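The values are calculated or read from the model by the stated rules, or taken from the named source; none is laboratory data. Computed from a predicted structure; not experimentally measured. Quick reminder, even Gly has a Cβ in these numbers, built from the backbone with ideal geometry, and neighbours come from all protein chains shown.
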Amino acid sequence: MKTVLWVFLVSAMFFFGCGDDTTLPESEMGTSATEEKKSDRTSGSSPRFQPNAPEEPEEPEEPQLPPGEPAEDLAERDGTYFLADREDPFTGAVEKRHPNGRLALWASYSEGKPDGVQHFWDEKGNKVQESNYTKGSLDGIQTFWWPNGIKKEERIWQAGEYRELRRWSRDGELVEENRNF
């Protein structure tokens, strides 16, 4: 009997204890959620809706990549890359900056060969190219972008051999697609 009474009380507390009584009345909250939404729409203060707000292109943030050696210090000898003052093939990352200080290039190397992703940016910080390498050969997707940020071209490589190509117009319309098998 005690068990039945206990289950009944717990059930009653659950069904009758949950609901609107746990929410503060609007008079104690200040403005209602409805009034807040209305004021956001009319004042333009909502981050989600700003009528007639001019669309300013956001300046791209500096990519968060590990620091690299200066690309100018890299020297190529017989298809292998070395730091200018070293005899062992270079392993690590290199970077190059535009005169304004923005990143222009970041690339990774292993045993003197491009290996991993190479990134290229313009002076404004917009990505213009990204290429994937494996042991010195293009491998995977190589992508180019128009200055407006729309994809311009995509090339698919497999172990250094070109496989596919797609090109887009400045408006983002696919204008060419071919495969090379």
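Miscellaneous remarks
- Residues of the range 73-87 satisfying the condition of being of a type outside the set (Gly, Ala, Ser), surrounded by 10 or more Cβ atoms within 10 Å (Cβ to Cβ) and farther than 15 Å from GLY136 by Cβ: ASP73, LEU83, ARG86
- Scope the range 112-159; condition farther than 20 Å from LYS96 by Cα and either basic (Lys, Arg) or part of a loop (DSSP other than H, G, I, E, B) (or both); matching residues: LYS135, ASP139, TRP146, ASN148, GLY149, ILE150, LYS151, LYS152, ARG155, ALA159
- The range 90-100: number of residues that are surrounded by fewer than 15 Cβ atoms within 10 Å (Cβ to Cβ) and either under 20 Å from LYS135 (Cα atoms) or among the aliphatic types (A, V, I, L, M) (or both): 2
- For the range 164-181, taking the residues that are in a strand (DSSP E or B) and either surrounded by fewer than 13 Cβ atoms within 10 Å (Cβ to Cβ) or among the β-branched types (Val, Ile, Thr) (or both), the one that is nearest to the chain's Cα centre (by Cα) is identified as LEU174.
- Test result for TRP145, crowded, with 17+ Cβ neighbours inside 10 Å, within 16 Å of HIS119 (Cβ to Cβ), at pLDDT 95 or above and touching a Lys or Arg at 6+ places or on another chain (Cβ under 9 Å): yes
- Inter-residue pairs, beta-carbon under 7 Å, first on the phi > 0 side of the Ramachandran plot and in the range 79-93, second acidic (Asp, Glu), 6+ apart: GLY92/GLU69
- Within the range 152-163, the set of residues being under 16 Å from SER137 (Cβ atoms) and either in contact with a Phe, Trp or Tyr (Cβ under 7 Å, 6 or more places away or on another chain) or of a type outside the set (Ser, Thr, Tyr) (or both) comprises ARG155, ILE156, TRP157, GLN158, ALA159, GLY160, GLU161, ARG163.
- Pairs, first closer than 11 Å to GLY68 by Cβ and small (Gly, Ala, Ser) in the range 103-130, second at pLDDT below 95 and not in a strand (DSSP E or B), C-beta under 6 Å, six or more apart: none
- Applying the condition of being within 19 Å of SER131 (Cα to Cα) and in a loop (DSSP other than H, G, I, E, B) to the range 54-89 and asking which residue is modelled with the highest pLDDT yields GLY79.
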